[in-house]
Ligand SMILES: *[C@@H]1O[C@H](CO)[C@@H](O)[C@H](O)[C@H]1NC(C)=O
């Protein structure tokens, strides 16, 4: 009886001390809060710095994606969907550019710059979500990440090519509520 208890205790102690695959994984507390699109969009101001602006709005630790809080991942995914809707849905960038007379007018060009920044937002959030899921779930997103990263790089270059030009957002209703 006594021996059994002592043995059990020592087994328990060693299992507690032994590092396990999951034992070292610490989920960080969430760093993101639910916001309206108007708060997390990056299209106002000037072109040229979209990626840094996106990362400032979504300040997750990209060096430790395995530890990203599940709620943060859910917010990132919801924000990505809303950013996409702000491009193609009614009242989004495509509509606004058309209403401004196309991209050759001053207003249309500023909206086009805003649309490119919004694409950087959408694609960076998509790549991030895929990377987090790969880091956490073990799903192989390699091919999809490469595909989306390529689109992201294209739009980062377009944004940089327009650096300093006015950029205009759209008054789009939506949030990143999961
Ligand atoms: C993941 O997918 C990529 C591309 O589809 C493939 O090259 C790679 O071997 C896969 N990795 C694993 C661990 O299955």
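Please treat every number below as a calculation from the coordinates, not as lab data. The structure displayed is predicted, hence computed values, not measured ones. Ideal geometry is used to build each Cβ from the backbone, glycine not excepted, and the neighbour counts take in all protein chains shown.
Go through 109-115, 75-81, 35-41 and give me the packing order, highest mean Cβ count within 10 Å leading.
109-115, 75-81, 35-41
Plugging the Kirkwood radius over Cα pairs into Stokes-Einstein for region 117-178, at a temperature of 10 °C and a viscosity of 1.306 mPa s, what D comes out in µm²/s?
Rounded, D is 119 µm²/s.
Report the relative contact order of region 87-165, percent, no decimals, based on alpha-carbon pairs under 8 angstrom and at least 6 residues apart.
27
Based only on Cα atoms, what Rg/Rh ratio does region 65-113 have, Rh being taken as Kirkwood's radius?
A ratio of 1.25.
Distances longer than 21 Å among the Cα atoms of region 40-178: what percent of all pairs is that?
Roughly 41 percent, rounded to a whole number.
In nm, to one decimal, how far is the residue 46 label point from the residue 67 one, both placed 7 Å along Cα→Cβ?
3.7
Restricting to Cα pairs below 8 Å that are 6+ residues apart, what does the relative contact order work out to for region 22-178? Please round to a whole percent.
Dividing the mean separation by the residue count of region 22-178 yields 40 percent.
Evaluate the distance, in nm, between pseudo-label points positioned 7 Å from the Cα of residue 56 and of residue 173 along their respective Cα→Cβ axes.
Between residue 56 and residue 173, the simple spin-label model gives 2.9 nm.
What FRET efficiency comes out for residue 31 versus residue 99 if R0 is 30 angstrom and r is the Cβ-Cβ distance? Round to the nearest 0.05.
Working from the Cβ atoms, E equals 0.20.
Just grab the label-to-label distance for residue 139 and residue 161, each label 7 Å out from Cα along the Cβ direction, in nm (one decimal).
Label at residue 139, label at residue 161, 3.3 nm between them.
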